[in-house]
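Here is the structure we will look at.
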């Protein structure tokens with residue numbers, strides 16, 4: 001799964017590499033480690049506004065939810081079942097790029113995971129990359145606040161990630177640069193399941 005990411009790049013570098021502009025540049029804060037369970041806002045590019053970089057909450061809240069508690073269970077979405085699960089199936093066509101320059105995973109050193117080694121995962125050919133994501137807009141009926149939120153898609157782990165994420169053997173879908181538009185334009189999700197992957201690097205931290 002993917003619950004810790006990294007995005008500490010300069011705003012100008014993100015804008016340059018994604019050919020898009022931050023809508024709220026003053027709200028962007030570079031972070032060495034982003035914890036999904038804080039449900040923080042992070043930079044995304046949606047299919048509807050591809051020239052803009054917006055800040056969406058991590059943890060998808062479907063439009064039909066009575067409250068936001070479901071976000072604890074929607075930080076990730078398995079790409080193999082995303083079209084079937086009630087929490088995600090209405091959002092499958094709402095595509096976004098979730099911007100990062102790394103993510104973290106823990107390797108179990110014993111059978112119960114009491115001892116772990118933390119790794120930082122990056123790509124070999126992209127200074128800043130994008131996870132494949134889906135998003136939703138939800139209105140809090142008590143406050144009338146509109147919350148835009150997303151989920152990172154995950155797939156079967158490749159050889160490297162099978163050794164590192166050796167208990168679940170999953171990894172986030174990191175998009176090839178040439179496939180970003182294909183994802184945003186609604187390419188079939190099946191085309192982004194493993195063995196689709198990019199060349200990753202891992203270092204102990």
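For beta carbons closer than 8 Å, sequence separation of 6+ or different chains, a first residue in segment 15-41 that is at positive phi and a second that is loosely packed, with under 14 Cβ neighbours inside 10 Å and assigned to a loop (DSSP other than H, G, I, E, B), the qualifying pairs are 19/51.
Scanning segment 176-199 for residues that are crowded, with 19+ Cβ neighbours inside 10 Å and more than 17 Å from residue 78 (Cβ to Cβ) yields a single hit, 184.
Consider segment 2-28 and keep the residues that are assigned to a loop (DSSP other than H, G, I, E, B) and in contact with a strand residue (DSSP E or B) (Cβ under 9 Å, 6 or more places away or on another chain). The one that is surrounded by the most Cβ atoms within 10 Å (Cβ to Cβ) is 2.
Selection of segment 78-96 for residues being within 17 Å of residue 171 (Cβ to Cβ) and part of a strand (DSSP E or B) yields only 78.
Scanning segment 104-138 for residues that are free of Cβ contacts under 8 Å to residues at least 60 places away in the same chain and loosely packed, with under 13 Cβ neighbours inside 10 Å returns 109, 110, 111, 112, 113, 114, 115. Of the residues in segment 41-77, how many are more than 12 Å from the chain's Cα centre (by Cα), within 23 Å of residue 168 (Cβ to Cβ) and crowded, with 16+ Cβ neighbours inside 10 Å? Total meeting the criteria: 2.
Among the residues of segment 78-87, the ones that are closer than 16 Å to residue 183 by Cβ and either surrounded by fewer than 15 Cβ atoms within 10 Å (Cβ to Cβ) or out of contact with any strand residue (DSSP E or B) (no Cβ under 9 Å at 6 or more places or on another chain) (or both) come to 1 in all.
Answer yes if at least one residue in segment 142-153 is in contact with a helix residue (DSSP H, G or I) (Cβ under 9 Å, 6 or more places away or on another chain), buried (at least 17 other Cβ atoms within 10 Å of the Cβ) and under 16 Å from residue 198 (Cβ atoms), and no otherwise. There is at least one residue in segment 142-153 that is in contact with a helix residue (DSSP H, G or I) (Cβ under 9 Å, 6 or more places away or on another chain), buried (at least 17 other Cβ atoms within 10 Å of the Cβ) and under 16 Å from residue 198 (Cβ atoms).
Under the condition of being under 17 Å from residue 45 (Cα atoms) and touching a strand residue (DSSP E or B) at 6+ places or on another chain (Cβ under 6 Å), the residues counted in segment 103-135 number 7.
Can we say residue 186 is within 15 Å of the chain's Cα centre (by Cα), within 23 Å of residue 84 (Cβ to Cβ) and in contact (Cβ under 8 Å) with a residue 60 or more places away in the chain? Spell out the reasoning first.
On the way: within 15 Å of the chain's Cα centre (by Cα): no; within 23 Å of residue 84 (Cβ to Cβ): yes; in contact (Cβ under 8 Å) with a residue 60 or more places away in the chain: yes.
Criteria not met by residue 186.
Among the conditions (1) touching a strand residue (DSSP E or B) at 6+ places or on another chain (Cβ under 7 Å); (2) surrounded by fewer than 16 Cβ atoms within 10 Å (Cβ to Cβ); (3) within 26 Å of residue 110 (Cβ to Cβ), the only one that residue 171 does not satisfy is (2).
Coordinate-derived values only; no laboratory data. Predicted model only: the values in this text are computed from it and were never measured. Here the Cβ is made from the backbone with ideal geometry for all residues, glycine too, and neighbour counts use every protein chain on show.
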